[in-house]
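Colleague: Below: one structure in structure tokens.
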Amino acid sequence: MASLIYAENIYLALTEPKGKYLTFPFYQDIHNDFSLEQLEAIPLEQLFSTLTFYAMKQKKICVLTEPDILQLVGTGQVKSA
């Protein structure tokens, strides 16, 4: 992944065939240490108001900087953790 894009925090997400759950087959996060098992079959309803759900709604790859994220929080499009 590092040869494609520089990112200290990156998540690749897939929806299951019925579109009700999300899985993360790959992630790199310098702030959190999740196991892949913790990121299996997460109901989409748990992701409302998150950066993940925001990115999914865009239907394109999102590369968000800290100012981008702060603006999204400020406008209420995502909630702060």
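The values are calculated or read from the model by the stated rules, or taken from the named source; none is laboratory data. Please read all numbers here as calculations on a predicted model, not as lab measurements. Note that we place each Cβ from the backbone using ideal geometry, even for glycine, and neighbour counts take in every protein chain shown.
Colleague: Restricting segment 1-25 to residues that are touching a residue at least 12 places away in the same chain (Cβ under 8 Å) and within 11 Å of the chain's Cα centre (by Cα), which is surrounded by the most Cβ atoms within 10 Å (Cβ to Cβ)?
Modeller: Let us first name the residues in segment 1-25 that are touching a residue at least 12 places away in the same chain (Cβ under 8 Å), namely 1, 5, 7-13, 15-16, 19-25.
Filter once more, so that each one left must be within 11 Å of the chain's Cα centre (by Cα): 9-13, 22-24.
Working: Asn9: 12, Ile10: 15, Tyr11: 17, Leu12: 11, Ala13: 17, Leu22: 21, Thr23: 14, Phe24: 16.
Looking at the filtered set, the residue picked out is Leu22.
Colleague: Quick one: would you say Gln38 is more than 11 Å from the chain's Cα centre (by Cα) and either in a strand (DSSP E or B) or surrounded by 11 or more Cβ atoms within 10 Å (Cβ to Cβ) (or both)? Talk me through it step by step, then tell me what you get.
Modeller: Working: more than 11 Å from the chain's Cα centre (by Cα): yes; either in a strand (DSSP E or B) or surrounded by 11 or more Cβ atoms within 10 Å (Cβ to Cβ) (or both): no.
No; evaluated as a whole, the condition is false for this residue.
Colleague: Taking segment 58-81 as the region of interest, how many residues are out of contact with any Ser or Thr (no Cβ under 8 Å at 6 or more places or on another chain), farther than 19 Å from Ile5 by Cβ, surrounded by 10 or more Cβ atoms within 10 Å (Cβ to Cβ) and not polar (S, T, N, Q)?
Modeller: Number satisfying all stated conditions: 3.
Colleague: Looking only at segment 41-50, which residues are surrounded by 13 or more Cβ atoms within 10 Å (Cβ to Cβ) and in contact with a strand residue (DSSP E or B) (Cβ under 9 Å, 6 or more places away or on another chain)?
Modeller: Result: Ile42, Leu44, Leu47.
Colleague: Name the residue, out of Thr23, Thr52, that is outside the structural domain of Ser3 (by TED's automatic domain parsing), hydroxyl-bearing (Ser, Thr, Tyr) and closer than 22 Å to Leu4 by Cα. Let's see the steps before the verdict.
Modeller: Details: Thr23 fails: outside the structural domain of Ser3 (by TED's automatic domain parsing).
Going through Thr23, Thr52 in turn, just one is outside the structural domain of Ser3 (by TED's automatic domain parsing), hydroxyl-bearing (Ser, Thr, Tyr) and closer than 22 Å to Leu4 by Cα: Thr52.
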